[in-house]
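Asker: I have a structure here, written as C-alpha cells, and I will follow up with some questions on it.
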Amino acid sequence: MAMLEVKNLSISFGGLKAVDNFSVTIDKGQLYGLIGPNGAGKTTVFNLLTGVYKPDSGSIVLDGLNITGKKTIEINQDGIARTFQNIRLFKELSVLDNVKVGLHNHHSYSTIEGILRLPRYFKVEKEMNEKAMELLKVFDLDQEFDYKASNLPYGKQRKLEIARALATEPKLLLLDEPAAGMNPNETAELMETIRFVRDNFDMTILLIEHDMKLVSGICERLTVLNFGQVLTQGETTKVLNDKRVITAYLGE
C-alpha cells in the first residue's frame, strides 16, 4: 500500500516552471531516493510536500489523506517530518531540548499549567524527558544530552536533526542531503542509521542525496529529476545505469 502518492505536481516562479508534472508513488516502509543535478527541483519538491510552497496544480496524498495545500504545521501533524540540507537546529538549546521541541506535537500542557507548575506540567515534562532520552540513545547522543546543540560535532548535529524529526512521530521522513559535509566514515555510519530508523521505527523514507555510494547502498527505488521534470524512475540499479541519468550528471 502506498504511503505517498503524488500526481502531476507543478509550481512556477516568475513564469519559470520549477517543478513540472512531478508524480511518484512510494510504498509503506520503502527507502526511496530523489536525485538529480543541482537546480533540478529536488528541494522544491520537498518544500511542496511539506507545505512551504503551495502547488499550482497536482495532488499530494499521504497514507490515504489528501494534504495538498495544507500548512506546514498541519502536514507535520498529519505525518511528514523533514531535515534540511543546511542544518536547522535550535543551536542555543540543549540536545535534549531540541528533541523535546519535536515531542510537543503529541505531548502538551496548557499555558496556565506551565506557569503555575500544576501536576500535569510535571507529568508531561517527565514523559517528554524519557521519550527524548530514548531517541537520543538510538543516535548515541544520550551522553551529550545537556550539551548545547551548537557544540556537537557536525556529524552528530546531523543525527540530532533526524532525532528531532522522529520525535514528531511521522509516517514519512524526508531527508534533504543528510550526508552533505560528512567524511566517508560518517557517511557509512549514517547509512546504518537510516536503515535502522526504517527497520525499527516502521518508517517510510524519502531522501535527496548527491552521494551516489549512499544512494546505491540504501535506496530501493529512485526518481531522477532534471529541469523540474521526471527523467526516469525505477529500481535503483536500473536507474543508475540509465544513459540519460549519466548524461544529466555529466552535464551538471
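The values are calculated or read from the model by the stated rules, or taken from the named source; none is laboratory data. Keep in mind it's a predicted model, so treat the numbers as computed, not measured. Glycine also receives a Cβ, built like all others from the backbone with ideal geometry; neighbour counts cover every protein chain displayed. Areas reflect the complete protein model, heavy atoms only, side chains present, ligands, DNA and RNA absent. Shrake-Rupley method; radii C 1.70, N 1.55, O 1.52, S 1.80 Å.
Asker: Among the residues that make up region 94-105, is at least one of them in a loop (DSSP other than H, G, I, E, B), within 19 Å of the chain's Cα centre (by Cα) and either surrounded by 16 or more Cβ atoms within 10 Å (Cβ to Cβ) or not aromatic (Phe, Trp, Tyr) (or both)?
Answerer: The answer is yes, given that some residue of region 94-105 is in a loop (DSSP other than H, G, I, E, B), within 19 Å of the chain's Cα centre (by Cα) and either surrounded by 16 or more Cβ atoms within 10 Å (Cβ to Cβ) or not aromatic (Phe, Trp, Tyr) (or both).
Asker: Return yes or no: is Lys213 without any contact (Cβ under 8 Å) to a residue 24 or more places away in the chain, among the basic types (Lys, Arg) and out of contact with any strand residue (DSSP E or B) (no Cβ under 9 Å at 6 or more places or on another chain)?
Answerer: When the stated conditions are applied, Lys213 does not pass them.
Asker: Here is a check on your reading of the model: is Asn66 at pLDDT 95 or above, surrounded by fewer than 20 Cβ atoms within 10 Å (Cβ to Cβ) and not small (Gly, Ala, Ser)?
Answerer: yes
Asker: Sticking with this structure for a sec: Taking Tyr53, is it open to solvent by 70 Å² or more (accessible area, probe 1.4 Å) and either in contact (Cβ under 8 Å) with a residue 60 or more places away in the chain or of a type in the set (Ser, Thr, Tyr) (or both)?
Answerer: In short, yes.
Asker: Same structure again: Would you mind telling me which numbered condition in (1) in a helix (DSSP H, G or I); (2) more than 26 Å from Ser94 (Cα to Cα); (3) open to solvent by 20 Å² or more (accessible area, probe 1.4 Å) Arg164 fails?
Answerer: So Arg164 meets the others, but not (2).
Asker: A further question follows. Just checking: which of the strands (runs of 3 or more DSSP E) contained wholly in region 202-252 hold 1 or more residues that are surrounded by fewer than 17 Cβ atoms within 10 Å (Cβ to Cβ)?
Answerer: Ranges flagged: 229-235.
Asker: So which residues in region 196-216 are closer than 16 Å to Met182 by Cβ, of a type in the set (D, E, K, R) and at pLDDT 90 or above, if there are any at all?
Answerer: Glu209 - this is the single residue of region 196-216 that is closer than 16 Å to Met182 by Cβ, of a type in the set (D, E, K, R) and at pLDDT 90 or above.
Asker: Under 9 Å between Cβ atoms, which residue pairs at least 6 apart in sequence (or on different chains) link something in region 145-162 that is more than 14 Å from Val101 (Cα to Cα) with a partner that is assigned to a loop (DSSP other than H, G, I, E, B) and of a type in the set (Val, Ile, Thr)?
Answerer: Short answer, once both residue conditions are applied: Tyr154/Ile87; Gln157/Ile87; Arg158/Thr83; Arg158/Ile87.
Asker: Let me ask something else about it. Restricting to region 69-93, and then to whatever is open to solvent by less than 50 Å² (accessible area, probe 1.4 Å) and in a loop (DSSP other than H, G, I, E, B), can you tell me which residue is farthest from Val197 (Cα to Cα)?
Answerer: Filtering first and then ranking leaves Gly69.
Asker: Wholly within region 1-48, which strands (runs of 3 or more DSSP E) include no fewer than the required count, namely at least 2 residues that are modelled with pLDDT of 95 or more and open to solvent by 20 Å² or more (accessible area, probe 1.4 Å)?
Answerer: Output list reads 2-13, 16-27.
Asker: Going through region 1-53 one residue at a time, which ones are more than 11 Å from Leu206 (Cα to Cα) and small (Gly, Ala, Ser)?
Answerer: Ala2, Ser10, Ser12, Gly14, Gly15, Ala18, Ser23, Gly36, Gly39, Ala40, Gly41, Gly51
Asker: It is to be established whether one or more residues within region 181-199 are in a loop (DSSP other than H, G, I, E, B), closer than 21 Å to Val95 by Cβ and of a type in the set (A, V, I, L, M).
Answerer: Yes, that holds for at least one residue.
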